[in-house]
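Okay, so here's the structure we're looking at.
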Amino acid sequence: LGETGSGKDVFAKAVHGAGPRRNKPFVAVNCASIPESLIESELFGYRPGAFTGASREGSRGKIVQADGGTLFLDEIGDMPTHLQARLLRVLEEREVIPLGGETPTKVDIHLISATHQDLKQQVRDGRFREDLYYRLHGVNLTMPPLREREDRLTLILRLLDDEAGGTGRVAIEPEAMAALDAYEWPDNIRQLRNLLRMLIGLCENDLIRVNDLPPELF
């Protein structure tokens, strides 16, 4: 759980990389960015000719691609209700039936899901299946927003060094650092990283000064 841009996808990759499946596929699907008409075929795959415009070769789908590894479903709270039932069946039966197909394919996946929404409220509102909610609800972790992180100053310096290529060549004057630390960061780490990338490109003599910062920080 966590706000948009708080690093849920980065954390999911870290979990995968630290586990016994690290040498197997890590397949990420953003349920909010795929059109509702395509997410079913994207997740479950399809047989040749399953629908108009389908590839003649068919598609394995993201779930089968993740076999043996980790499937990361980002923004699962935006998954259409009718697909939630199909996902629940996959999790219970550990098999996938592609669109236009009849023969199930066995899968072995480690599932990590993420959302910025209140799934309990969505269950009460009838927008998220209660049985799927409890099937997903194993270990529940919350990623804090950037404005609440106690390591914010360390994180700013770490991301600055990452964006500068790990050279340590770019510095931030104290006044600029204080402004970065005091800002609310509505889009969290994603916004911070994008801003640092811009500042590195625009600053003079490898020093980010307070005058280099955009007006919205103030």
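The values are calculated or read from the model by the stated rules, or taken from the named source; none is laboratory data. Remember, it's a predicted structure, so these values are computed and weren't measured experimentally. All Cβ positions, glycine included, derive from the backbone under ideal geometry; neighbour counts span all protein chains shown. In case anyone asks, the SASA skips ligands and DNA or RNA and just uses the protein heavy atoms, side chains included. Shrake-Rupley method; radii C 1.70, N 1.55, O 1.52, S 1.80 Å.
A few remarks follow.
- As a summary of the residue check, residue 139 satisfies the conditions (1) exposed (fewer than 15 other Cβ atoms within 10 Å of the Cβ); (2) under 15 Å from residue 61 (Cβ atoms); (3) of a type in the set (A, V, I, L, M) except for the one numbered (2).
- Taking region 119-128 as the range and being assigned to a loop (DSSP other than H, G, I, E, B) and open to solvent by less than 70 Å² (accessible area, probe 1.4 Å) as the test, the residues that pass are 126, 128.
- Answer residue from region 53-104, given it is open to solvent by 50 Å² or more (accessible area, probe 1.4 Å) and hydroxyl-bearing (Ser, Thr, Tyr) and is farthest from residue 32 (Cα to Cα) among those: 103
- No other residue among 131, 108 is open to solvent by 20 Å² or more (accessible area, probe 1.4 Å), assigned to a loop (DSSP other than H, G, I, E, B), in contact (Cβ under 8 Å) with a residue 40 or more places away in the chain and not aromatic (Phe, Trp, Tyr) apart from 108.
- Of all residue pairs spaced 6 or more apart or on separate chains, none has beta-carbon atoms under 9 Å together with a first member in region 152-173 that is hydroxyl-bearing (Ser, Thr, Tyr) and a second member that is surrounded by 16 or more Cβ atoms within 10 Å (Cβ to Cβ).
- Close pairs from region 4-16: first within 11 Å of residue 74 (Cβ to Cβ), partner open to solvent by 60 Å² or more (accessible area, probe 1.4 Å) and not in a helix (DSSP H, G or I), Cβ under 7 Å, at least 6 apart: 4/116
- Here residue 144 fulfils each of the conditions (1) under 19 Å from the mean Cα position of the chain (by Cα); (2) crowded, with 16+ Cβ neighbours inside 10 Å apart from (2).
- Subset of region 185-207 (residues that are open to solvent by 80 Å² or more (accessible area, probe 1.4 Å), out of contact with any Asp or Glu (no Cβ under 9 Å at 6 or more places or on another chain) and farther than 19 Å from residue 171 by Cβ): 190
- Meeting the requirement of 2 or more residues that are out of contact with any helix residue (DSSP H, G or I) (no Cβ under 9 Å at 6 or more places or on another chain), the helices (runs of 4 or more DSSP H) wholly within region 1-81 are 8-18, 36-44.
- Matching residues in region 150-173 - criterion: being open to solvent by 50 Å² or more (accessible area, probe 1.4 Å), within 16 Å of residue 188 (Cβ to Cβ) and of a type in the set (Lys, Arg): 158
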